[in-house]
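The values are calculated or read from the model by the stated rules, or taken from the named source; none is laboratory data. Treat the numbers as computed from the prediction; the structure is a model and nothing was measured. A quick note on method: Cβ atoms are made from the backbone with ideal geometry, for glycine too, and the neighbour counts reach across all protein chains shown.
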Amino acid sequence: MITTLLLLSGMAEATTPIVRPKPTAEQRALYDALKVRDDGPSCEALAALSQDIASDLIWIVDHATQPPWAGIRAARCILSDHLEAKATDIDAWVVDPSKKGLALLTLSMLDEVPEPAAVRFATLALDGPLADDARSRLVDSVHPAVANLAAPTAAPVVPQEPKTDVIED
Amino acid sequence: MRAILLLSLLGACDLLKEVGDDSSTLLTEEGEVVTESGVATVEVDVDSVETAFMITADGEHLVSVDEIIDPDGDTVLLWSDWTGTDTNLTSAIYPASSEMVLNWPVRAEDARVKPGKWRVVLSAVNSEGRYQSGSTIKVTVQTKDDNDFLNGRVNVRLVYAEGVGEIAAVRDAMDAGIERWKEIWAPYGLTPVVTTETSDFSANLPYPGEGSEEIYDLVMDSYEDELTMIVGETIRGSTDYLGVAGAIPGTLTANTRSAVVVSWLASAGTDGVFQDTDITILGETMAHEVGHYMGLFHPVEQSWRTWDACDDTPDCTSEGACVSALGTNLMFPTPVCEFDGCIEQDQLSLVQEGILHRYTGTL
């Protein structure tokens with residue numbers, strides 16, 4: 001009896017469908033515009049498709065895994081047009097290895113964002129698990145503060161013991 | 001009145017190269033013409049074994065093709081028959097750039113290239129569309145000797161931009177993507193023969209449709225029977241583009257548009273990792289962009305009001321109808337996806353297949 005119940009509960013669990021969040025009409029319209037293969041839409045054109053464009057673009061980033069460029073294009077518009085409103089989301093991108101594509105996109109766009117924001121994201125990235133990727137991309141930043149953050153630090157000076165001559169008998 | 005000037009070939013037979021075991025050859029000749037009353041005629045001598053030719057022009061003004069006349073004196077292409085229509089045959093008829101590329105024939109129905117003197121009338125206009133006299137146009141004519149329109153190979157020089165070739169995951173994904181590309185082309189008798197190399201080309205790639213001196217310099221080192229594809233991280237500082245073909249068609253010689261560029265970052269998605277589906281789409285993207293470079297337009301543009309010149313790709317007029325009729329076509333303008341999955345797009349129509357085989361670089 002217990003075995004039967006376990007089996008049944010296992011089957012119930014195995015056949016439970018994964019519920020995919022259903023997009024709103026505006027999210028659907030954004031996705032359809034973003035998925036084209038050749039020239040993608042401008043951020044301005046996308047903005048005309050949604051009343052809450054910043055949040056809907058985040059929804060695309062989080063839920064549209066195919067084609068791979070749909071989420072990347074949505075993220076680019078967040079970085080260019082909604083930087084302040086979605087700064088905490090971007091903070092998470094640059095330190096999460098499972099969002100490495102978003103992190104590299106953010107790092108590649110830091111020259112285009114105001115320096116204080118660039119410093120904020122660069123600092124997080126350089127302190128996080130993607131530091132090596134960040135350093136190589138930020139060392140030539142147009143923002144001096146970012147470039148300084150990414151510059152290779154001088155090797156710490158290790159005090160050395162004075163050399164003593166060994167005199168062998 | 002339009003005067004006709006004959007192309008004086010400055011350096012005949014600059015390159016004669018045999019490729020593969022079917023003795024297909026590509027011959028390149030260079031010269032220049034000067035326009036009178038805005039036009040100049042390039043003569044192309046076609047012998048009995050040559051089956052297609054390509055003219056690459058580089059002018060002082062905007063250059064386009066006005067007319068193509070076969071050895072019998074019959075006009076086989078007239079620009080006014082195609083401009084302003086809802087059908088795309090070749091970009092060569094549009095004076096959009098000082099660099100122009102014509103591949104002839106485009107389709108099987110555009111008449112077999114018969115032996116004799118072909119005349120191609122080029123025009124030079126300014127940005128207001130006014131014909132320009134005394135305008136010098138450098139011309140490169142390439143002809144191919146390959147009468148097999150069922151089997152062909154396309155040589156591709158794949159160049160990794162600076163640092164990209166050192167990323168093992170990108171190289172692995174590109175290798176797998178190339179295998180997917182080969183699978184897509186195989187049923188149509190086409191084989192991409194890809195050689196790879198690393199370079200110090202900037203990983204932020206230029207947009208080749210706008211012209212780029214960096215592309216010109218890189219392609220100067222390519223053989224004249226190979227297409228150049230550059231793989232970088234971003235294109236024009238953006239991930240908006242996954243791949244871009246320099247022109248439709250693109251040239252086999254060096255100019256500022258003579259490359260296909262591909263962004264690996266856009267193709268890897270938000271996780272930055274190439275999943276199996278990403279690799280499938282990457283292979284389709286490479287085949288799609290090279291398809292543009294070899295002369296294919298989208299069978300329908302996303303306005304659903306402009307089509308290619310292939311009789312066997314339906315002229316559908318709505319998104320639903322077009323997805324239904326053409327959604328699996330390699331050259332469909334958009335992937336058919338549903339947030340977490342896409343259908344495979346690997347089909348070509350017979351006319352599209354014929355266009356690829358008539359590209360002068362298909363040997």
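Conditions tested, residue by residue: (1) more than 28 Å from residue B:110 (Cβ to Cβ); (2) part of a loop (DSSP other than H, G, I, E, B).
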| site | (1), (2) |
| --- | --- |
| B:312 | no, yes |
| B:315 | no, yes |
| B:320 | yes, no |
| B:323 | yes, no |
| B:331 | no, yes |
| B:344 | yes, yes |
| B:354 | no, no |
| B:363 | no, yes |
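Across the range B:166-178, what is the total count of residues that are of a type outside the set (Val, Ile, Thr) and modelled with pLDDT under 95? Explain how you work it out, then say what you get.
Here is the first cut: in the range B:166-178, the residues of a type outside the set (Val, Ile, Thr) are B:166, B:168-169, B:171-177.
Next, from what is left, pick out any that are modelled with pLDDT under 95: B:166, B:168-169.
Number satisfying all stated conditions: 3.
Every condition in (1) buried (at least 21 other Cβ atoms within 10 Å of the Cβ); (2) modelled with pLDDT under 95 is met by residue B:222 except one, and the failing one is (1).
Within the range B:275-286, how many residues turn out to be part of a loop (DSSP other than H, G, I, E, B) and at pLDDT 95 or above? First the steps, then the outcome.
The initial filter retains those residues of the range B:275-286 that are part of a loop (DSSP other than H, G, I, E, B), namely B:275.
Filter once more, so that each one left must be at pLDDT 95 or above: none.
Going through the range B:275-286 one residue at a time, the tally reaches 0.
Consider residue A:72 carefully, then state whether it is crowded, with 19+ Cβ neighbours inside 10 Å, under 12 Å from the mean Cα position of the chain (by Cα) and more than 8 Å from every other protein chain (Cβ to nearest Cβ).
Details: crowded, with 19+ Cβ neighbours inside 10 Å: yes; under 12 Å from the mean Cα position of the chain (by Cα): yes; more than 8 Å from every other protein chain (Cβ to nearest Cβ): no.
So residue A:72 fails the test.
From B:262, B:231, which residue is under 23 Å from residue A:43 (Cα atoms) and β-branched (Val, Ile, Thr)? Let's see the steps before the verdict.
Numbers: B:231 fails: under 23 Å from residue A:43 (Cα atoms).
So the residue among B:262, B:231 that is under 23 Å from residue A:43 (Cα atoms) and β-branched (Val, Ile, Thr) is B:262.
Taking the criterion of being assigned to a loop (DSSP other than H, G, I, E, B), crowded, with 24+ Cβ neighbours inside 10 Å and modelled with pLDDT of 95 or more, would at least one residue in the range B:259-266 satisfy it?
Filtering the range B:259-266 down to residues assigned to a loop (DSSP other than H, G, I, E, B) leaves B:259.
From what's left, crowded, with 24+ Cβ neighbours inside 10 Å: B:259.
From what's left, modelled with pLDDT of 95 or more: B:259.
Yes - at least one qualifying residue is present in the range B:259-266.
Against the criterion of being assigned to a loop (DSSP other than H, G, I, E, B) and basic (Lys, Arg), residue B:114 qualifies. When residues in the range B:246-266 are screened for being within 14 Å of chain A (Cβ to nearest Cβ) and in contact with a helix residue (DSSP H, G or I) (Cβ under 8 Å, 6 or more places away or on another chain), 9 of them pass. Suppose we filter A:85, A:117 for residues that are among the small types (Gly, Ala, Ser), away from chain B (no Cβ under 12 Å), part of a helix (DSSP H, G or I) and over 14 Å from residue B:270 (Cβ atoms); which single one remains? Going through A:85, A:117 in turn, just one is among the small types (Gly, Ala, Ser), away from chain B (no Cβ under 12 Å), part of a helix (DSSP H, G or I) and over 14 Å from residue B:270 (Cβ atoms): A:117. Please go through the range B:337-363 and pick out each residue that is crowded, with 17+ Cβ neighbours inside 10 Å and hydrophobic (A, V, I, L, M, F, W, C). Across the range B:337-363, the qualifying residues are B:337, B:339, B:342, B:348, B:351, B:355, B:356, B:363. The conditions of being within 21 Å of residue B:171 (Cα to Cα) and not aliphatic (A, V, I, L, M) are met by residue B:243. Going through the range B:117-153 one residue at a time, which ones are part of a strand (DSSP E or B), out of contact with any helix residue (DSSP H, G or I) (no Cβ under 7 Å at 6 or more places or on another chain) and over 19 Å from residue B:92 (Cβ atoms)? Those that are part of a strand (DSSP E or B), out of contact with any helix residue (DSSP H, G or I) (no Cβ under 7 Å at 6 or more places or on another chain) and over 19 Å from residue B:92 (Cβ atoms): B:117, B:145, B:153. For the range B:33-77, a tally of residues being in contact with an Asp or Glu (Cβ under 7 Å, 6 or more places away or on another chain) and either closer than 28 Å to residue B:150 by Cα or not assigned by TED's automatic domain parsing to the domain that holds residue B:140 (or both) returns 6. Taking the range B:233-245 as the range and being in contact with a strand residue (DSSP E or B) (Cβ under 7 Å, 6 or more places away or on another chain) and either assigned to a loop (DSSP other than H, G, I, E, B) or more than 11 Å from chain A (Cβ to nearest Cβ) (or both) as the test, the residues that pass are B:233, B:237, B:239, B:241, B:242. Scoring residue B:195 on the criteria (1) surrounded by 16 or more Cβ atoms within 10 Å (Cβ to Cβ); (2) under 19 Å from the mean Cα position of the chain (by Cα); (3) over 24 Å from residue B:77 (Cβ atoms); (4) at pLDDT 95 or above leaves a single failure, condition (1). For residues that are hydroxyl-bearing (Ser, Thr, Tyr) and within 7 Å of chain A (Cβ to nearest Cβ), scanning just the range B:267-284, find the one that is surrounded by the most Cβ atoms within 10 Å (Cβ to Cβ). Of everything passing the filter in the range B:267-284, B:267 is surrounded by the most Cβ atoms within 10 Å (Cβ to Cβ).
Listed here are the residues, each with its yes/no results for (1) outside any helix (DSSP H, G or I); (2) without any contact (Cβ under 8 Å) to a residue 40 or more places away in the chain; (3) not small (Gly, Ala, Ser).
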position: A:61; (1), (2), (3): no, no, yes
position: A:75; (1), (2), (3): no, yes, no
position: A:111; (1), (2), (3): no, yes, yes
position: A:124; (1), (2), (3): no, yes, yes
